[in-house]
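One structure is given here, and the rest of the page talks about it.
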Amino acid sequence: SQTIHQWPATLVQPVGSPLSLECTVEGTSNPNLYWYRQAAGRGLQLLFYSVGIGQISSEVPQNLSASRPQDRQFILSSKKLLLSDSGFYLCAWSGQGGSTDTQYFGPGTRLTVL
Amino acid sequence: AQSVTQLDSQVPVFEEAPVELRCNYSSSVSVYLFWYVQYPNQGLQLLLKYLSGSTLVKGINGFEAEFNKSQTSFHLRKPSVHISDTAEYFCAVSLPQGAQKLVFGQGTRLTINP
């Protein structure tokens, strides 16, 4: 069966520090991968998605970036964190069936920027 | 662009009572519709989805939703709720092509009182 992992589970970082969040998927190959952010009291916003290694699409302008160095690994990064980057970050994967496929979400990383 | 409005931010209900969580969407093209549930500090789990066909969709945990194209609504219902249904519920849409880029509503917090 497929599983999705995210780490760390929680993170407290000072403003201006770098960020690296990691997401890995097991039990499937060539998945679509997604990063979402859930800010306090708000819904989820799609940040990035990837349909293959090295293929990243950004949905919103921000100081975050994403990379996919391996088929089942998706990384969210920042060079300098802002207070507004605080939130709950969720990684998700789906099959290559596109829009009809179910997205499966990871357990999330709660990021607090102080 | 697509948008989703969940009309109630919080819904308190007594145990074993029926519940309806409302969702309206806006789109100039056909969309796929989804309901997800999020338990505290966890990722999201798919409850049900509407892609095409019968407008009444049945999902997990006894939930169902009805797609109403003329009213652009996709309300979620359950005839009798349990304490374990306490969670946040998100309605989402995506376009029926390409990678599944979900657009979420703000969420509805369902609280079940004994």
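Conditions tested, residue by residue: (1) touching a residue at least 24 places away in the same chain (Cβ under 8 Å); (2) over 18 Å from B:Val103 (Cβ atoms).
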residue	(1), (2)
A:Thr3	yes, yes
A:Thr10	yes, yes
A:Ser17	yes, yes
A:Gln45	no, no
A:Gln55	no, yes
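Does B:Phe34 count as among the aromatic types (Phe, Trp, Tyr) and under 24 Å from A:Tyr104 (Cβ atoms)? First the steps, then the outcome.
Numbers: among the aromatic types (Phe, Trp, Tyr): yes; under 24 Å from A:Tyr104 (Cβ atoms): yes.
The answer is yes for B:Phe34.
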So B:Asn113, is it at positive phi, at pLDDT below 95, more than 14 Å from chain A (Cβ to nearest Cβ) and open to solvent by 50 Å² or more (accessible area, probe 1.4 Å): no
Restricting region A:58-87 to residues that are open to solvent by less than 10 Å² (accessible area, probe 1.4 Å), touching a Ser or Thr at 6+ places or on another chain (Cβ under 7 Å) and closer than 24 Å to B:Gln38 by Cα, the residue that is farthest from the other protein chains (Cβ to nearest Cβ): A:Asp85
Matching residues in region A:26-40 - criterion: being away from chain B (no Cβ under 11 Å) and of a type in the set (Ser, Thr, Tyr): A:Thr28, A:Ser29
Close pairs (6 angstrom Cβ cut-off, 6 or more residues apart or separate chains): closer than 15 Å to A:Tyr49 by Cβ in region A:64-80, of a type in the set (Phe, Trp, Tyr) anywhere: A:Ala66/A:Trp35; A:Ala66/A:Phe48; A:Arg68/A:Phe74; A:Leu76/A:Trp35
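Scan region B:74-107 for residues that are in a strand (DSSP E or B) and open to solvent by less than 10 Å² (accessible area, probe 1.4 Å) and report the count.
9
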Test: residue in region A:52-65 that is touching a Phe, Trp or Tyr at 6+ places or on another chain (Cβ under 8 Å) and charged (D, E, K, R): yes
Given (1) within 14 Å of chain A (Cβ to nearest Cβ); (2) modelled with pLDDT of 90 or more; (3) more than 14 Å from A:Leu44 (Cα to Cα), index of the condition B:Gln97 fails: (2)
Residues of region A:65-94 that turn out to be farther than 17 Å from A:Leu114 by Cα and among the hydrophobic types (A, V, I, L, M, F, W, C), as a count: 8
Residues of region A:41-54 that turn out to be touching a strand residue (DSSP E or B) at 6+ places or on another chain (Cβ under 7 Å) and within 13 Å of chain B (Cβ to nearest Cβ), as a count: 9
Single unsatisfied condition, A:Ser50 versus (1) in contact with a Lys or Arg (Cβ under 6 Å, 6 or more places away or on another chain); (2) more than 24 Å from A:Gln2 (Cα to Cα); (3) small (Gly, Ala, Ser): (2)
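The values are calculated or read from the model by the stated rules, or taken from the named source; none is laboratory data. Just so you know, these numbers come straight off a predicted model, no measurement behind them. Every residue, glycine among them, receives a Cβ derived from its backbone with ideal geometry; neighbour counts consider all protein chains shown. SASA here: full protein model, heavy atoms, side chains in, ligands and nucleic acids out. Shrake-Rupley method; radii C 1.70, N 1.55, O 1.52, S 1.80 Å.
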